[in-house]
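Data first, discussion second: the structure below is written as structure tokens.
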């Protein structure tokens, strides 16, 4: 009696299956971003996401074990998209020109729909223990990468990164996120352009601050006096 052996799927077939799976996953993430932006976290549900993405609710949970996992995937996807946009700008302008105007480019990213969707996730984590725990690890990784990316910009220019670069990066990102939210609420009254000009000025001062002395105080640059 001859035994039939089951051959593994052809490579092309496996690739098509993988492509379909990746496409479905991306559609779900993109739909979630649109829903979060339009309806907020509280107004977004798996049923709404499924309708927007053109998939079943079961398909969502095939790709993401929990709702929190979907939100983390959205956060990660938005970060990688923003990072690629920044890299494209840097390649087009050059490192020096990009670094000089980096605050404006980062703020522009914070104004985009995907970034506002992320704001919804960040705020929702306050009252969602599972989301908060998972998001904390994701944010830690993003924070470390952002600092490393800015350090690389200085290195590319043959400059030593400011000793307080981690603080400068964290303050900047928090400020940009706050300005983007303020603009949503206040519109022109938020005076975003004036705020960003002043923030750039403060960051330029911050870059010149020397490391703390042995007494634990920083040597601030002298800006005038009498």
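FYI, it's all coordinate maths here, none of it is from the lab. Because the structure is a prediction, the values reported are computed rather than measured. Using ideal geometry, Cβ is built from the backbone for each residue, glycine included, and neighbour counts are taken over all protein chains shown.
I need to check one value: relative contact order of the chain, counting alpha carbon pairs closer than 8 Å and at least 6 residues apart, in percent.
Details: 151 pairs, mean separation 38.2, N = 226.
It comes to 17 percent, rounded to a whole number.
I want to check the label-to-label distance for residue 62 and residue 140. Put each point 7 Å from Cα in the C-beta direction and report it in nm to one decimal.
3.4 nm
Relative to the longest principal Cα axis of the chain, at what angle does helix 11-39 sit, 0 to 90 degrees, rounded to 10?
50 degrees
For the range 22-64, what is the convex hull (Cα atoms) projected area averaged across all directions, in square nanometres?
Working: hull surface 10.1 nm².
One quarter of the hull surface, i.e. the mean projection, equals 2.5 nm².
What list do you get for 21, 42, 172 if you sort them by fewest beta carbons within 10 Å? Please list the in-between numbers first.
Numbers: 21 13, 42 9, 172 21.
Ordered from fewest to most neighbouring Cβ atoms within 10 Å, 21, 42, 172 come out as 42, 21, 172.
Cα axis of helix 113-124 to longest principal axis of the chain: angle in degrees, 0 to 90, nearest 10?
90 degrees
Hey, what number do you get for the chain at 222 nm if only DSSP H runs of n ≥ 4 count, each worth -39500 (n - 2.57), divided across all residues, to the nearest 500? Mind dumping the intermediate values first?
Values: 9 runs with 166 residues, N = 226.
Helix-only estimate at 222 nm: -25000 deg cm²/dmol.
Angle, helix 165-186 long axis vs. longest principal axis of the chain, Cα atoms, 0 to 90°, nearest 10?
70 degrees
For the range 76-208, what is the largest minus smallest coordinate of the Cα atoms on each principal axis, given in angstrom and ordered from greatest to least?
Cα spread of the range 76-208 along its principal axes, largest to smallest: 44, 35, 28 Å.
Mind giving me the nanometre distance, one decimal, between the label points for residue 23 and residue 111, set 7 Å out from Cα along Cα→Cβ?
Calculated label separation equals 3.5 nm.
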